[in-house]
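J.: Here it is: the structure, laid out below.
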Amino acid sequence: MARTWRLTHEQYRRSLTELFGVDVDLDDFAPESGNGNFVNFSSTSFVRQDLAANYFKTAKAVVAKLDRQELARLTSCNLEASCSTAFIHELGRKVFRRPPPAELVTRYQAIIDAATSSEEAGAVETGFRAVMVAMLNSPLFLYRTEVGAEADVDLNRFELTAHELASALSFSLIGGAPPAWLEELADEGALRDRATLRDSVQRLLLEPAANSELARFLTEWLEVNDFDQVIKSEDVFPGFDAIKPQMQAELAAFLEARGQQHNTLSDLLIGTIPEVSPALTNYYFSDPSAPEDTSATSRAGVLGLGVVLADHAKSYLTSPTLRGTFVRKRFFCQEITLPENFSPPPLSDTEVKKTARTTRELYEQHQADPTCAPCHDLTDNIGFVLEEFDGAGRVRTLDTTQGSAEPLDLAAELTSSDVNRPLSSLSDLNAALSESAMVRRCLAQQAFRFYFGQSEISSSLPPIVAGSAAVEGSTLGALLSGLFTTESTYLRVREPSL
């Protein structure tokens, strides 16, 4: 659809680095939303007042850091008033990722002309710097546009302009502005040729940044991009805060080994998790009921990662519901929605009864309400299989959460899928997921959401169909290539039909 799409904080940071060779601290920037999807969703990316102030402050700081020689190297102009028009055109072309509009050139020229008329020392250079600050606060820099040419404004179905297409490909696949070769293709108007488009996608996927962007997608897909904020009760899970960095290192090592473009979906789902450190291994087996043999675990694949198990749990307990909902949502693309005007009773009401001997029994009592059962049957039967791992991801054989030491009951039934079967371990669940066509299609849907920054109107959209077909028996790189080599890459509508 037609839209403007704000740069993510990371894309903004990287754009400034590529333009001016400076790194910027964005710690004061307002957190990004995504509303439970992906942080780059165009529908949740707005410039509110506090963020506008962040942008202005950052632009002034970046420009102030550049000395006169650094400024002069940005264009062919030597910062003399006589070449100010060239400065505006050349720098605007870099900052806006397209030739600057005539009306903006006029405005910026007026700023430099006003400075030129001043007799104060350094006034002309101040004018050039003011133009740079204005450019960095322009929507043409802060946003990617996908609105088409002015001549097509009345058309419901339209094509992206060549430079919009170049930005769409580059920011989506490598997380930054188009490289020079891609800009040249845009200038030539060659990108909409299907062969050129396909070759350009493949060339972008060869960039090291493409694997970094893939890792970003996988991290957000697993909903662990905010793992820094996960808090656990130190009384229940001693040592968790100290080991969190090692868990994040384990995620990075796993994605480096199993989440590259040459890897497959099966690598993600059943691949061996690299050992990061003896300290982390010892932590995973620090529960008193953990087996002495550290190989005696079904931990494998993304669902066996400590960050995933710990993030999708409570601060003091596991949560079969949280874990099962996560799998349904992210692996099967099944949204769990509550009936209208219904509020589920809090788990604390069930905990007060103190009749459960295990977390499983606690949740089974909670779902005994007929109005709760339909959803909990979907989610908790997946979550029960993961009870082998406590709320911090540690291996255990006994559940002591309700005051006694009880053997774990991991038996469950996977339903409402294309691979329905009994489950008794994470290995069983991983095997089912790796065989599922629903999971392959869902991964293509999730990739579409991240790389296109929007929800799909239908799972039959050409990029999703092509991506789903590509990932079956092939690689994650083939999935990305499939997403971006259909006509949906450059065709848009003003008002999508529902």
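The values are calculated or read from the model by the stated rules, or taken from the named source; none is laboratory data. Bear in mind the structure is a predicted one, so any value in this text is a computation, not a measurement. Backbone-built Cβ (ideal geometry, glycine too); neighbour counts: all protein chains shown.
J.: Would the stretch 269-291 turn up any residue that is within 21 Å of the chain's Cα centre (by Cα), under 24 Å from L410 (Cα atoms), in the same structural domain as S315 (by TED's automatic domain parsing) and not hydroxyl-bearing (S, T, Y)?
T.: Yes, because at least one residue in the stretch 269-291 is within 21 Å of the chain's Cα centre (by Cα), under 24 Å from L410 (Cα atoms), in the same structural domain as S315 (by TED's automatic domain parsing) and not hydroxyl-bearing (S, T, Y).
J.: Take the stretch 143-153 and flag every residue that is touching a strand residue (DSSP E or B) at 6+ places or on another chain (Cβ under 6 Å) and either within 17 Å of F171 (Cβ to Cβ) or among the polar types (S, T, N, Q) (or both).
T.: Passing the criteria: Y143, R144, T145, E146.
J.: Let me ask something else. Considering only residues that are free of Cβ contacts under 8 Å to residues at least 40 places away in the same chain, within 17 Å of F389 (Cβ to Cβ) and in a helix (DSSP H, G or I), which ones fall in the stretch 247-280?
T.: L280
J.: Checking the condition outside any helix (DSSP H, G or I) and either surrounded by 20 or more Cβ atoms within 10 Å (Cβ to Cβ) or under 25 Å from the mean Cα position of the chain (by Cα) (or both), which residue from R192, R144 passes? Full working, then the answer.
T.: On the way: R192 fails: either surrounded by 20 or more Cβ atoms within 10 Å (Cβ to Cβ) or under 25 Å from the mean Cα position of the chain (by Cα) (or both).
Sole residue among the options that is outside any helix (DSSP H, G or I) and either surrounded by 20 or more Cβ atoms within 10 Å (Cβ to Cβ) or under 25 Å from the mean Cα position of the chain (by Cα) (or both): R144.
J.: Taking the residues in the stretch 369-407 that are at pLDDT below 90 and among the polar types (S, T, N, Q) as candidates, determine which candidate is surrounded by the fewest Cβ atoms within 10 Å (Cβ to Cβ).
T.: S404
J.: While we're on this one: Picking from S455, S417, S459, which residue would you name as being among the polar types (S, T, N, Q) and either modelled with pLDDT of 95 or more or in contact with a Gly (Cβ under 7 Å, 6 or more places away or on another chain) (or both)?
T.: S417
J.: In the stretch 30-46, what count of residues is obtained for those that are surrounded by fewer than 17 Cβ atoms within 10 Å (Cβ to Cβ) and either farther than 30 Å from Q334 by Cβ or without any contact (Cβ under 8 Å) to a residue 40 or more places away in the chain (or both)?
T.: Looking only at that region, the number is 6.
J.: Turning to a different aspect of this structure: Identify, by number, the condition in (1) over 23 Å from N37 (Cα atoms); (2) within 24 Å of the chain's Cα centre (by Cα); (3) surrounded by 22 or more Cβ atoms within 10 Å (Cβ to Cβ); (4) not basic (K, R) that Q246 doesn't meet.
T.: Unmet condition: (3).
J.: Please verify whether the stretch 84-105 includes one or more residues that are among the acidic types (D, E) and assigned to a loop (DSSP other than H, G, I, E, B).
T.: no
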